[in-house]
Amino acid sequence: MSNMDIGIDLGTANVIITLGGEIIVNEPTVVAYNKKKNAVIAVGDEAYKMLGRTPDYIVAVRPLKGGVISDHDMTMLMIKEFIHKASRNLMVKPQIIICVPSSVTDVESRAVVEAALAAGARKVFLIKEPIAALLGAGVDITEASGTMVVDIGGGTSDVAVVSFNGIVCDASVKMAGNKFDQAIIRHFVNKDKILIGEKSADAAKRAIGCVFEPEASTTMTIKGRNLMKGLPQALEVNQVEMFDALYPCAMEIVAKIKSVLEISPPELVGDILTNGIVLTGGGAMLGGLDKLIAEHTKAPCRLADRPLECVALGVAKAFECSDSLLDGFEKVSVYKYK
C-alpha cells in the first residue's frame with residue numbers, strides 16, 4: 001500500500017477516511033451549503049453543529065439516509081471536500097477506494113466515482129460494505145469456506161455470506177442504529193409521555209441498551225419534556241425498559257439473518273457453524289446482540305475488534321488484495337467518463 005492511497009468509508013452516520021492505512025478523518029456525514037453563494041461552507045463536524053440552526057439560505061443536511069444516497073449533488077460536494085481535506089499535503093494524485101452501501105444503485109455509484117475523479121483522484125475503486133467489513137475484521141476471505149458478516153451501521157444492516165473472495169448471497173434491512181434511537185424515543189413517549197432527544201436516546205442505548213437477559217438493577221437517568229405538562233422532567237430508567245424498546249428492532253435483524261441462511265448453499269451453512277457470524281458496525285455494539293443472534297441461529301457469533309472502524313480498516317486493506325478480490329470490488333476504469 002502506498003502512503004498516498006486514500007480509503008473512504010461512506011456511511012450513513014459517519015465518513016471515515018484512511019491515508020496509507022491510518023485513520024485521519026472520522027466525522028459525521030453532514031454537509032452545509034450556502035444557496036446564495038452556491039458553495040459548500042462546511043462538512044463533517046462543523047456542518048453537524050449547524051443542523052437545525054441555520055437560516056433559510058444555508059442548508060445543513062445528511063446526504064445519505066437509510067443506507068442510500070438521498071441527495072446526489074450534496075453527496076458529490078461532500079466527497080470532494082473530504083478528499084481535499086485528506087489529500088491537502090499530497091504532491092501527486094492519489095488512488096481512492098470508496099466503500100458504498102450494498103444497496104447503492106449504478107447511477108449513485110457513478111455519481112460517487114465522478115465526485116472522486118473531479119476531486120483529483122488518479123484511480124477510483126468501489127468496494128461493498130460486507131467485503132470491507134470482513135477484511136477489517138481480519139477474516140481470511142480467500143478460502144472456499146463460508147463466513148457470515150452482519151454490518152450494522154446507522155441506516156442499514158447488511159447481511160452477507162462470503163466465500164472465496166466473493167459474496168455468495170446477501171440482503172439488507174433498514175433497521176440499524178438510527179432506528180434503535182427512534183424506538184427508544186417512541187417507547188418513553190408512549191409509556192411515560194416524556195419526549196427525549198435523539199442524542200439522549202443514543203446515550204441511553206450506549207449506556208444500558210440490552211436485547212438479551214436484561215437486569216433491572218442497571219439504571220440511568222434521562223431528561224426530556226413532559227408532554228402533558230410541557231415542563232422538563234428527569235426519569236430513571238432501567239435495562240428492562242430498554243429491552244422492551246429495543247428487542248423488536250433486534251429481532252428484525254435476526255429475521256433477516258435467518259432469511260439469508262435459508263438461501264445459502266448447505267455447504268456454506270455448515271461452514272458458518274464452524275467459522276461463525278462476525279458482527280461489525282456501531283450498531284453491533286448493542287448489549288447482548290451477539291448472544292441473541294447466536295441463540296436464534298444456533299451458530300457462534302462474535303463482535304469484531306474495533307467494530308466502529310472495521311469497514312474503514314477493511315477499505316485500507318483492500319489496496320493490498322485488489323487483484324484477488326472477485327466480487328464486491330469494482331474497477332471503475334471499465335466505465336467511460338468524459
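Bear in mind that the values in this text are calculations on the coordinates, not laboratory data. Everything numeric in this text was worked out from a predicted model, so none of it was measured. Here the Cβ is made from the backbone with ideal geometry for all residues, glycine too, and neighbour counts use every protein chain on show.
Annotations for the structure displayed:
- For the pair Asn226 and Glu267, label points projected 7 Å from Cα toward Cβ lie 6.6 nm apart.
- Lysine pair count for segment 113-217 (Cα-Cα distance under 26 Å; residues 8 or more apart in sequence or on different chains): 12.
- Matching the structure-derived Cα Rg over 2.2 N^0.38 Å against the labelled list [x] 1.30; [y] 1.14; [z] 1.03 gives the label [z].
- Gain on full stretching of the segment that runs from Lys49 to Phe164 - 0.36 nm per residue minus C-alpha separation: 37.0 nm
- Between Glu236 and Ala207, the modelled labels are 1.3 nm apart [label points 7 Å from Cα along Cα→Cβ].
- Measuring gaps between exposed loop sites in the chain (chymotrypsin sites (Phe, Trp or Tyr not before Pro); DSSP loop; at most 11 other Cβ atoms within 10 Å), the longest gap, sites not included, is 58-336.
- For the chain, the dipole from Cβ point charges (+1 on Lys and Arg, -1 on Asp and Glu) about the Cα centre works out to 1440 debye, to the nearest 20.
- Helices meeting the span-like rule in the chain (full DSSP H runs, Cα extent of at least 20 Å along the helix axis, mean Kyte-Doolittle score of 0.5 or higher): 239-263.
- Extension gain, Gln182-Thr219: 0.36 nm per intervening residue step, less the Cα-Cα distance, totals 11.4 nm.
- Between Lys36 and Thr274, the modelled label-to-label distance comes to 6.6 nm, taking each label 7 Å out from Cα in the direction of the beta carbon.
- Where a label projected 7 Å from the Cα of Leu195 along Cα→Cβ would reach, residues of segment 204-232 with amide N under 14 Å: 224-232
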